[in-house]
1. Report, please, the projected area of the range 202-294 averaged over directions, based on the convex hull of its C-alpha atoms, in nm².
2. Leaving ligands, DNA and RNA out of it, work out the accessible area of Trp248 with a 1.4 Å probe and give it in Å² to the nearest 10.
3. If DNA, RNA and ligands are ignored and the probe is 1.4 Å, what is the ranking of Leu267, Leu133 by accessible area, most exposed first?
4. List the extent of the Cα atoms of the range 128-200 along each of their three principal axes, largest first, rounded to whole Å.
5. Using only C-alpha positions, report the orientation-averaged shadow area of the convex hull of the range 45-156, nm², one decimal.
6. Based on DSSP H runs of at least 4 residues, each adding -39500 (n - 2.57), what is the mean residue ellipticity at 222 nm of the chain after dividing by all its residues, to the nearest 500 deg cm²/dmol?
7. What percentage of the solvent-accessible surface of the chain, computed with a 1.4 Å probe over protein heavy atoms, is contributed by carbon and sulfur atoms?
8. Have a look at the DSSP beta bridges in the chain and tell me what percent are antiparallel, nearest 5.
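The values are calculated or read from the model by the stated rules, or taken from the named source; none is laboratory data. Because the structure is predicted, anything quoted here is derived from the model rather than measured. FYI the Cβ positions are ideal-geometry reconstructions off the backbone, even for glycines, and counts take in every protein chain you see. The accessibility values were calculated without ligands, DNA or RNA, using every heavy atom of the protein model including side chains. Shrake-Rupley method; radii C 1.70, N 1.55, O 1.52, S 1.80 Å.
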Amino acid sequence: MTPASVTSVDEVRAALADHQYLADEGLATAIFLALTLRRPLLLEGEAGVGKTEVAKVLARWTGGELVRLQCYEGIDAGQAVYEWDYSRQLLHLRAVEASGAKVVEDELYSEQFLVRRPLLRAIAYEGTVPPVLLVDEVDRADDEFEAFLLEILSDYAITVPELGTFRAESPPVVVVTSNRTRDVHDALKRRCLYHWIGHPDFERELAILRVRAPEVPAELARQVARAVEAVRDVELYKPPGVAETIDWAHALAALGRREIDEAAVDLTLGTVLKYREDQERVRSHLETIVAAGTGA
Ligand SMILES: Nc1ncnc2c1ncn2[C@@H]1O[C@H](COP(=O)(O)OP(=O)(O)OP(=O)(O)O)[C@@H](O)[C@H]1O
Ligand SMILES: [Mg+2]
């Protein structure tokens, strides 16, 4: 099965599960539609809920190259699309001059000196399988960047004035993620299908633990999944994501625990909560959290 030939949401769910990603029906449907309608998928959600992993898993599934563009404040076209390799152009120029030949300007603006950044790589890919383009944490970039991202995602073409237009024969699979530190513009949203990834429910989180941390004893995994639910019920600045749940289970197992108790939770809290205030808040609810975990 390939994404292009996928015919149902269940197939998508099964393929993701084959690659250790357990999606609920909402997310599987969003991915199915993005693949079928060939539209970019915008995934929003809190930290550690599995947004970036969706793109990685899609790449493993399709066999397409994962082309990742990590966004940050001030990112510009030179880092995202392409730039010219000035130092190599200069060296070339000197070498040609030294040989006494005349420099033809076109020579300097040829493929040889073009540095392809992720967006160009994803559009002008070689091979038969379209890559998976991950535009990660787009909310960190600024408006200007969003505007040219929108342009590229609208016609999957990039023009390099000196060389011409690169166009994708089949568009790449595009996953855009945001932690929602600011709102993504409506124009970009309109171009994409949108899905909010929330924290998984207990059953799915336990299933994820079993898949991602198979060496953790079953009962410990169950208790951790329950305890994390209880931790998320506490008013926190950064509630733990799935990544933290997995880390926590690993940590407890590494300490030889088969069950949780207040002392163990207290000692390993740094794998789950990365803010002192959050830790203090949870420490004042330790009894409730352990009770939720152990079912006591
Ligand atoms: N549904 C899932 N099935 C299996 N593993 C998952 C799932 N969701 C999250 N994970 C695990 O959690 C880890 C963290 O996920 P990921 O890095 O994709 O989160 P994120 O939403 O991108 O977080 P951030 O906002 O911090 O970048 C993954 O490496 C994976 O092991
Ligand atoms: Mg991420």
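1. Average projection, Cα convex hull of the range 202-294: 4.9 nm².
2. Here the residue's solvent-accessible area equals roughly 0 Å².
3. Most to least solvent-accessible, the answer reads Leu267, Leu133.
4. If we take the Cα atoms of the range 128-200, the spans are 44, 29, 18 Å.
5. 9.3
6. Helices in the chain give a 222 nm mean residue ellipticity of -14000 deg cm²/dmol.
7. 49
8. 30
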